[in-house]
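Working notes for the structure below.
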Amino acid sequence: MAEPPSTKPLRDSAAPRELLRTSGDARQIERRLFLKQGLSLGALTLLTGCDVTDTSAVQSALDGVSRWNDRTQALIFNPHRLMPTYPESEAVKDFRYNAYFGQNQVPKIDSASYKLNLSGLIDRRAAWTLQDLYQLPQESQVTRHVCVEGWSMIGKWTGVPLRTFLRRIGADLTAKYVGFECADGYYSSIDMASALHPQTFLTFKISDEILASRYGYPLKLRIPTKLGFKNPKWITAMFVTNRFPGGFWEDRGYNWFAGV
Ligand SMILES: Nc1nc2c(c(=O)[nH]1)N[C@H]1C(S)=C(S)[C@@H](COP(=O)(O)O)O[C@H]1N2
Ligand SMILES: [Mo]
């Protein structure tokens, strides 16, 4: 008997917060996050009544389940609960590099001509130069980055809380999504509640040094409540919207909310 997955994602999503402390546990979260998408075709047929030999029907049913997971996860998101922080001595200096391409293809961004472009539901949409961005009030965090590929690492990042920036530019904080575009063609987006979380930062530095090119110079989103692929590097544009923006890996099957 196929049981609709009505309570399971709630438990799975509520659990990870404490589990983020060790890499073994981090792997467990990743498994949990992705098990949610692992319905068998048989279960899917029973759930949806669609013909599983019809691939587009299966795909749209899967998309439906994934969107349903996104909504459920968003509903149980606690905007005030903080992810664990660590002593600075635990921050790894030689941080692991990851992207969908190798280190020899890392985008090289010119600081003088760099601009952060703004669009969508924002009152003040003028582009920001790097000089402007560096004037913003900065804070640091020592948190764990968890990559879905099975590794995690503690790092220290410094930058402006995204909510400070969103207020500064007059973003519509009642909108649903904040989206990001990157110099390498990568893109991602997050829900507004997660964008306003106090530990969600636009960062300029890692280990007290301006981000090296491989780590996203000049601008990287650091969002410790979500998996690594929701931490875009080399950000060149940000927008606020009510239309679902998706993301590079998210559009290739990874769960969109991907967080706690
Ligand atoms: N623009 C861009 N941002 C990206 C990626 C990418 O390929 N392009 N990869 C993501 C993934 S999967 C991870 S784990 C982290 C890795 O960041 P790091 O190199 O600082 O460890 O960047 C994320 N941000
Ligand atoms: Mo990742």
Note on segment 150-175: residues charged (D, E, K, R), in contact with a helix residue (DSSP H, G or I) (Cβ under 8 Å, 6 or more places away or on another chain) and surrounded by fewer than 20 Cβ atoms within 10 Å (Cβ to Cβ) are R163
Residue within segment 98-106 that is under 18 Å from the mean Cα position of the chain (by Cα), in the same structural domain as R214 (by TED's automatic domain parsing) and either buried (at least 17 other Cβ atoms within 10 Å of the Cβ) or not hydroxyl-bearing (S, T, Y) (or both) present: yes
Expected single match for closer than 15 Å to T200 by Cα, within 16 Å of ligand 1 (Cβ to nearest atom) and of a type outside the set (A, V, I, L, M) among F101, F95, F180 is F180
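Listed here are the residues, each with its yes/no results for (1) within 10 Å of ligand 1 (Cβ to nearest atom); (2) in contact with a helix residue (DSSP H, G or I) (Cβ under 9 Å, 6 or more places away or on another chain); (3) modelled with pLDDT under 95; (4) not in a helix (DSSP H, G or I).
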residue	(1), (2), (3), (4)
R214	yes, yes, no, no
Y217	no, no, no, yes
P232	yes, no, no, yes
F239	no, no, no, yes
P245	no, no, no, yes
F248	yes, yes, no, yes
Of (1) over 11 Å from the mean Cα position of the chain (by Cα); (2) within 16 Å of P107 (Cβ to Cβ), P232 satisfies every one except (1)
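Taking the stated definitions as given, is G253 away from ligand 1 (no atom under 13 Å from the Cβ) and small (G, A, S)? Break it down into steps so the answer makes sense when it comes.
Numbers: away from ligand 1 (no atom under 13 Å from the Cβ): yes; small (G, A, S): yes.
For G253, the condition - away from ligand 1 (no atom under 13 Å from the Cβ) and small (G, A, S) - is met.
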Flagged in segment 128-149 as surrounded by fewer than 20 Cβ atoms within 10 Å (Cβ to Cβ), more than 13 Å from ligand 1 (Cβ to nearest atom) and either among the hydroxyl-bearing types (S, T, Y) or farther than 21 Å from I169 by Cα (or both), in numbering order, are T129, Y134, S140, V142
### Message
Residues that are among the basic types (K, R), in the same structural domain as Y186 (by TED's automatic domain parsing), surrounded by 15 or more Cβ atoms within 10 Å (Cβ to Cβ) and in contact (Cβ under 8 Å) with a residue 40 or more places away in the chain: does segment 107-116 have at least one?
### Response
no
Log entry, pairs with first residue in segment 222-239 being within 14 Å of ligand 2 (Cβ to nearest atom), second being of a type in the set (G, A, S) and in a strand (DSSP E or B), beta carbons closer than 6 Å, six or more apart or on different chains, reads K226/G259; K230/S188; P232/S188
Please tell me if A171 is near ligand 1 (Cβ under 8 Å from one of its atoms) and farther than 16 Å from L227 by Cα. no
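The values are calculated or read from the model by the stated rules, or taken from the named source; none is laboratory data. Keep in mind that what you see is a predicted model, and the values were worked out from it rather than measured. Glycine gets a Cβ as well: all are built from the backbone with ideal geometry, and neighbour counts include every protein chain shown.
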